[in-house]
Amino acid sequence: MNWAEWTVPFHNHIGESHQTAKKYHCSQKVLEAVALHHHVKIRPRTMNLIGDALNISKIVRLDIFHYKPAQYAAPGSNLAQVIAILDQMCAIERKFRGFSGLGLEPEQIEYEVVRDLVIGISGKDDPRLEVLGLSLTGTESVILFDLRAFGSYVKMHTEYEVQNMKASILQLIRTLVRVNREGKERDLVALIGGDEYAVVTKVQDPVILDKMIERVARVIKLKTGFQVRAGYGIGNNIDENYHHARIQAEMLKERRFLPK
């Protein structure tokens, strides 16, 4: 690369990689790719080919593609671009402590985070929250929605229809609990179990929580015909709040939640 400006010393791992490649008598093309991978511009075609092959989610592809455009601007071979992509993926894995969710979309990541939060195997320091652009205190309130008579619906419909209904209700709840929230502030919502939906929210006022539950229950009934049992937990850790929310919902089994 006669046109490149070489500096001494190399960045440590570039230097070591370059020396290893030379030791094994790799071609000039490989040496160039090793040296350039922190500077080569990643082209859309290369990004899409690697992304499809490794099942990298759209959000991670965009992060890689738009990372430090002033630095990643040099022209380079396809091989150099591939190494650049893999290097950035390694950086993402290190940053999020080995989190192997590069192939997951935000909705799937949210589902897994909520599930782990409410059963107590994760907390406010979960690195996946940073992927979602969120931060928690660890004492958020939890609302639980439990669909009534969903078992009868399952028996009378195809698996496709059942899964589509679950997804529709999930999206409906997400939309309803996030209305009128400012900036990045938003609630986490996920399907927990077969027909239960958990909402992790920063709202601490029981009056507002009751209004949230009433609004969601009314719209679910209107849109799908399903009634819901609901409960909430407040004032403790997320997993404890979830436990209290389930107890409340269980206590409503013998009476309808929706007002007449």
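So here's what we get for this one:
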{"read-out": "Residue check, I208 in the same structural domain as Q108 (by the TED database) and crowded, with 17+ Cβ neighbours inside 10 Å", "value": "no"}
{"read-out": "Flag if V216 is β-branched (V, I, T), farther than 13 Å from S141 by Cα, assigned by the TED database to the domain that holds E140 and modelled with pLDDT of 90 or more", "value": "yes"}
{"read-out": "Residues of region 120-132 classified as part of a loop (DSSP other than H, G, I, E, B) and either touching a helix residue (DSSP H, G or I) at 6+ places or on another chain (Cβ under 7 Å) or open to solvent by less than 40 Å² (accessible area, probe 1.4 Å) (or both), total", "value": "6"}
{"read-out": "Test result for Y72, open to solvent by 30 Å² or more (accessible area, probe 1.4 Å) and at pLDDT 75 or above", "value": "no"}
{"read-out": "Some residue of region 137-148 being assigned by the TED database to the domain that holds V177 and without any contact (Cβ under 8 Å) to a residue 12 or more places away in the chain", "value": "no"}
{"read-out": "Hits in region 219-240 (condition: farther than 17 Å from D195 by Cα and out of contact with any Gly (no Cβ under 9 Å at 6 or more places or on another chain))", "value": "L222, G233, I234, G235, N236"}
{"read-out": "Any hit, region 168-185, residues being touching a residue at least 40 places away in the same chain (Cβ under 8 Å), in a helix (DSSP H, G or I), open to solvent by less than 40 Å² (accessible area, probe 1.4 Å) and more than 23 Å from Q248 (Cβ to Cβ)", "value": "no"}
{"read-out": "So L147, is it open to solvent by less than 30 Å² (accessible area, probe 1.4 Å), modelled with pLDDT of 85 or more and within 14 Å of V228 (Cβ to Cβ)", "value": "yes"}
{"read-out": "Selection count, region 230-248, where residues are of a type outside the set (G, A, S), surrounded by 22 or more Cβ atoms within 10 Å (Cβ to Cβ) and over 23 Å from the mean Cα position of the chain (by Cα)", "value": "1"}
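For (1) at pLDDT 65 or above; (2) surrounded by fewer than 20 Cβ atoms within 10 Å (Cβ to Cβ), each residue gets a yes or a no:
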position: Q81; (1), (2): yes, no
position: L86; (1), (2): yes, yes
position: C90; (1), (2): yes, yes
position: F96; (1), (2): no, yes
position: G101; (1), (2): no, yes
position: V114; (1), (2): yes, no
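The values are calculated or read from the model by the stated rules, or taken from the named source; none is laboratory data. Because the structure is a prediction, the values reported are computed rather than measured. As a convention, Cβ positions derive from the backbone with ideal geometry for all residues, glycine included, and neighbour counts pool all protein chains shown. When the accessible area is computed, the model is the full protein with side chains, heavy atoms only, and any ligands, DNA or RNA have been set aside. Shrake-Rupley method; radii C 1.70, N 1.55, O 1.52, S 1.80 Å.
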